[in-house]
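J.: The following block contains the structure, expressed as structure tokens.
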Amino acid sequence: MELPAEKLEDIKALMALFEEPGSLDGGGVTRLGYGPAEDRMHEIFRDWGEANGFIAYTDAVGNSYLENDAATAAAGEGQSAVLVGSHLDSVVRGGRYDGVAGVAAGMACLKWLREESREFPLRVAAFRCEESSAFGRSTLGSGLITGAIDGDDAADFTDPEGRTLREVFAERGLDLHPQKIEGVSAYFELHIEQGKVLETLGKDVGVVEAIAGPRRFRIVIDGEADHSGATPMDMRSDALCAAAELILAVEKIGQSEGRFRSVATVGIIKNYPNVMNVIPGWVELGVDTRGIMPGSFGRMEQRIRIAAEDIAKERGVEITIARQYEDLPRSMAPQLMDELEQSARSLGAQSHRMMSGAGHDALSFADLVPTAMLFIPCRGGISHNSNEFTSDEAICTGAMVLCDALARHSTGART
């Protein structure tokens, strides 16, 4: 696909805007939700919008928006606009493209459509706290304003400093119970794939058919802390050894459900007292299961609970499992998928229909309005890592397909 030089330069300039906040020595970034680095990213987003003649504003949970004149006029007449969105936060020591590429693509669409005199009601959103690294709960910004997340359910989740989301919102004057977002006719999101499918197949873009939902658990293992030298091996209730067995059990369960496109991961380990000469007496695990089939979800949870019971009896420990939350899998809108494919074809881009194993802000909108996701390839499928990379050319290709699909959708909606 041939890329116009001026459009490629626009993408390079937009990505460069977001380079500095949260940058780390040796590469990568840390931009935790509702933290200072994410704050700065949102300021840059809004400043660019105002400098380029778009309306910039924030909502009751801190999400930022840019809109063109057509969207402002439509809102005044009680009409809707198309929304393009993604996020600007990252995981700890994450990459520079996860979320940011999608926001930059939306910004480019605003600019290109105005330059080409193809304006229709369009908004671009930068959502807060899409990653779970800050509060252990993903898609907070989009989830709260769509009603996908109940503010009371999320209020007591804590950040790495021990502050609850309730406290952070109170400090910032934000609202855990915002009015549900209105005036949206359809939602589009561009994102790096975070996998190897597109790169392996040599495709330019991926049209997402469905997004896997997560079901996450907090598992606490209570053993008995004893002296590591004075306690015989056959008289121990070692919580960490029990945790090790459970971690491997979770892996095997995920592997056995892989044929149903499910996965299971232990991503958090907290060990107490975590000193050299004490047998661990208490361990907390954070378990993330994901899939697109409810039956597979249920089997994984049941098998994890059975494995925990068996390990607890064998090891002489107590294991408690609490389901923290879940998002159900969501299918994307067939019409919007078709429009993305048609746009890719018309521009000479190779597309591929696929699933998303990762969760995205699009999950929050799928029950509210017609929703679509467009993937672009990332090198080696690496994401949530300082080595994450996608090229400006890949972002530009995706943004051009997205822009054409937005115009195609708007034309169809008006006829």
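J.: Only one residue in Gly229, Gly183, Gly223, Gly143 is touching a Ser or Thr at 6+ places or on another chain (Cβ under 6 Å) and assigned by TED's automatic domain parsing to the domain that holds Ile268, so which one is that? Quick ask: steps written out before the conclusion?
T.: On the way: Gly229 fails: touching a Ser or Thr at 6+ places or on another chain (Cβ under 6 Å); Gly183 fails: assigned by TED's automatic domain parsing to the domain that holds Ile268; Gly143 fails: assigned by TED's automatic domain parsing to the domain that holds Ile268.
Going through Gly229, Gly183, Gly223, Gly143 in turn, just one is touching a Ser or Thr at 6+ places or on another chain (Cβ under 6 Å) and assigned by TED's automatic domain parsing to the domain that holds Ile268: Gly223.
J.: Could you tell me which of the residues Gly62, Gly49 is more than 30 Å from Gly381 (Cα to Cα), surrounded by 16 or more Cβ atoms within 10 Å (Cβ to Cβ), in the same structural domain as Pro178 (by TED's automatic domain parsing) and touching a Cys at 6+ places or on another chain (Cβ under 9 Å)?
T.: After ruling out the rest, the residue left standing is Gly62.
This table checks each residue for (1) at pLDDT below 95; (2) not hydrophobic (A, V, I, L, M, F, W, C).
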site: Ile55; (1), (2): no, no
site: Tyr65; (1), (2): no, yes
site: Gly94; (1), (2): no, yes
site: Arg118; (1), (2): yes, yes
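J.: Of (1) in contact with a strand residue (DSSP E or B) (Cβ under 8 Å, 6 or more places away or on another chain); (2) assigned by TED's automatic domain parsing to the domain that holds Asn385, Ala243 satisfies all except one. Which?
T.: Going through (1) in contact with a strand residue (DSSP E or B) (Cβ under 8 Å, 6 or more places away or on another chain); (2) assigned by TED's automatic domain parsing to the domain that holds Asn385 one by one, Ala243 breaks only (2).
J.: Give the range 370-381 a look and list any residue that's buried (at least 17 other Cβ atoms within 10 Å of the Cβ) and more than 16 Å from Leu402 (Cβ to Cβ), or say none.
T.: Within the range 370-381, Cys378 is the sole residue that qualifies.
J.: Same structure, new question: Filtering the range 1-24 down to residues that are part of a helix (DSSP H, G or I) and among the acidic types (Asp, Glu), which residue is nearest to the chain's Cα centre (by Cα)?
T.: Only one residue tops the list, namely Asp10.
J.: Do the conditions hold for Ala407, that is, is it out of contact with any strand residue (DSSP E or B) (no Cβ under 6 Å at 6 or more places or on another chain) and outside any loop (DSSP other than H, G, I, E, B)?
T.: yes
J.: Here's a follow-up. Regarding Asp25, is this residue at pLDDT below 95, among the charged types (D, E, K, R) and assigned by TED's automatic domain parsing to the domain that holds Gly359?
T.: It is true that Asp25 is at pLDDT below 95, among the charged types (D, E, K, R) and assigned by TED's automatic domain parsing to the domain that holds Gly359.
J.: For the subset of the range 115-170 comprising residues that are over 24 Å from Val287 (Cβ atoms) and among the β-branched types (Val, Ile, Thr), which member is surrounded by the most Cβ atoms within 10 Å (Cβ to Cβ)?
T.: Val124
J.: Okay, next question. Before we move on, is Thr289 under 18 Å from Ile211 (Cβ atoms), not in a helix (DSSP H, G or I) and not assigned by TED's automatic domain parsing to the domain that holds Asp150?
T.: yes
J.: Is it the case that the range 151-170 has a residue that's assigned to a loop (DSSP other than H, G, I, E, B), within 30 Å of Ile306 (Cα to Cα), assigned by TED's automatic domain parsing to the domain that holds Gly286 and out of contact with any strand residue (DSSP E or B) (no Cβ under 6 Å at 6 or more places or on another chain)?
T.: There is no residue in the range 151-170 that is assigned to a loop (DSSP other than H, G, I, E, B), within 30 Å of Ile306 (Cα to Cα), assigned by TED's automatic domain parsing to the domain that holds Gly286 and out of contact with any strand residue (DSSP E or B) (no Cβ under 6 Å at 6 or more places or on another chain).
J.: Taking the criterion of being buried (at least 19 other Cβ atoms within 10 Å of the Cβ), of a type in the set (Asp, Glu), farther than 30 Å from Asn68 by Cα and touching a residue at least 60 places away in the same chain (Cβ under 8 Å), would at least one residue in the range 178-193 satisfy it?
T.: No, the conditions are met nowhere in the range 178-193.
J.: Hey, another quick one. With the checklist (1) touching a helix residue (DSSP H, G or I) at 6+ places or on another chain (Cβ under 9 Å); (2) not in a helix (DSSP H, G or I) in hand, flag the one item Gly398 doesn't pass.
T.: For Gly398, the exception is condition (2).
J.: For the range 225-269, name all the residues that are outside any helix (DSSP H, G or I) and among the small types (Gly, Ala, Ser). Steps first, please.
T.: Narrowing the range 225-269 to residues outside any helix (DSSP H, G or I): 225-232, 236-238, 257, 261-269.
Result: Ala225, Ser228, Gly229, Ala230, Ser237, Ser262, Ala264, Gly267.
J.: Of all residues in the range 345-356 being farther than 26 Å from Thr265 by Cα and not hydrophobic (A, V, I, L, M, F, W, C), which is surrounded by the most Cβ atoms within 10 Å (Cβ to Cβ)? Lay out the reasoning, then the answer.
T.: Initially, the range 345-356 is screened for residues farther than 26 Å from Thr265 by Cα, giving 345-352.
Cutting the leftovers down to not hydrophobic (A, V, I, L, M, F, W, C) gives us 345-346, 348, 350-352.
On the way: Arg345: 12, Ser346: 12, Gly348: 10, Gln350: 14, Ser351: 22, His352: 16.
The selected residue is Ser351.
So that you can scan it fast, the table gives a plain yes or no per residue for (1) in contact (Cβ under 8 Å) with a residue 24 or more places away in the chain; (2) in contact with a Gly (Cβ under 9 Å, 6 or more places away or on another chain):
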{"position": "Thr371", "(1), (2)": "yes, no"}
{"position": "Cys378", "(1), (2)": "yes, yes"}
{"position": "Gly381", "(1), (2)": "yes, yes"}
{"position": "His384", "(1), (2)": "yes, yes"}
{"position": "Glu388", "(1), (2)": "yes, yes"}
{"position": "Ser391", "(1), (2)": "no, no"}
{"position": "Ala394", "(1), (2)": "yes, no"}
{"position": "Met400", "(1), (2)": "yes, no"}
{"position": "Asp404", "(1), (2)": "yes, no"}
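J.: Turning to a different aspect of this structure: Taking only the range 311-325 into account, find how many residues are surrounded by fewer than 14 Cβ atoms within 10 Å (Cβ to Cβ) and under 22 Å from Thr265 (Cβ atoms).
T.: 3
J.: Further question on the same structure: In this structure, is Gly359 outside the structural domain of Thr289 (by TED's automatic domain parsing), assigned to a helix (DSSP H, G or I) and crowded, with 18+ Cβ neighbours inside 10 Å?
T.: Details: outside the structural domain of Thr289 (by TED's automatic domain parsing): yes; assigned to a helix (DSSP H, G or I): no; crowded, with 18+ Cβ neighbours inside 10 Å: yes.
In short, no.
The values are calculated or read from the model by the stated rules, or taken from the named source; none is laboratory data. Small disclaimer: the values here were computed from a predicted structure and weren't measured. Neighbour counts run over all protein chains shown; Cβ positions are idealised from the backbone, glycine included.
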